[in-house]
Amino acid sequence: MDSLQSWLATAGMVGDAWLRHTTPDKYSRQTLELSHETLLQISTDLLKSPPHSVDSATLDDVLTRSRGHVARMARLIDAKDAPDFARQLDSLRVDEKVLKQLSDRIRSTP
């Protein structure tokens, strides 16, 4: 779960930087693509044996949504669509909070 949170945070930081025009498009897109690929890999592994204290359907839903936001953000860089990019980033932030709650639930379960 920590790795998932870290990669979501990475995507968020790159997204913020791209919106502020402080990172090149190519770097931002490549980092988001790597984030997406890594999130997919970690998600697949985690869902093979999901934590007992979390509903696997809920976990799968938030991870699928998050990966979708990150993938769309990478594509929106080429389109230079900052408004839609910002909406995807906002949605990603919501998913980050949900994932944090799920992670906290796992940690608090004996």
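The values are calculated or read from the model by the stated rules, or taken from the named source; none is laboratory data. On a predicted model such as this, the values are computed, not experimentally measured, just so you know. Glycine gets a Cβ as well: all are built from the backbone with ideal geometry, and neighbour counts include every protein chain shown. Heads up: the accessible areas ignore ligands, DNA and RNA and are worked out on the full protein's heavy atoms, side chains in. Shrake-Rupley method; radii C 1.70, N 1.55, O 1.52, S 1.80 Å.
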Taking the stated definitions as given, is ARG67 out of contact with any Cys (no Cβ under 8 Å at 6 or more places or on another chain) and within 30 Å of SER108 (Cβ to Cβ)? yes
For the stretch 62-92, enumerate the residues that are open to solvent by 80 Å² or more (accessible area, probe 1.4 Å) and under 16 Å from LEU39 (Cβ atoms). ARG65, ARG72, ARG75
Out of the stretch 1-29, which residues are within 20 Å of ARG105 (Cβ to Cβ), of a type in the set (A, V, I, L, M) and either part of a helix (DSSP H, G or I) or more than 16 Å from the chain's Cα centre (by Cα) (or both)? LEU4, LEU8, ALA9
The residue that is most open to solvent (accessible area, probe 1.4 Å), considering only those in the stretch 35-54 that are more than 25 Å from LEU89 (Cβ to Cβ) and out of contact with any helix residue (DSSP H, G or I) (no Cβ under 6 Å at 6 or more places or on another chain), is HIS52
Of everything in the stretch 1-34, what is among the small types (Gly, Ala, Ser), over 21 Å from ALA57 (Cα atoms) and open to solvent by 20 Å² or more (accessible area, probe 1.4 Å)? Give them in sequence order. SER6, ALA9
Looking only at the stretch 16-34, count every residue that is more than 22 Å from VAL94 (Cβ to Cβ) and in contact with an Asp or Glu (Cβ under 8 Å, 6 or more places away or on another chain) and tell me the total. 2
Across (1) part of a helix (DSSP H, G or I); (2) modelled with pLDDT under 95; (3) surrounded by fewer than 18 Cβ atoms within 10 Å (Cβ to Cβ); (4) not polar (S, T, N, Q), LEU102 clears everything bar (3)
Among the candidates ARG20, ARG29, single out the residue that is touching a residue at least 40 places away in the same chain (Cβ under 8 Å) and out of contact with any His (no Cβ under 9 Å at 6 or more places or on another chain). ARG29
In the stretch 30-55, which residues are part of a loop (DSSP other than H, G, I, E, B) and of a type in the set (Val, Ile, Thr)? VAL54
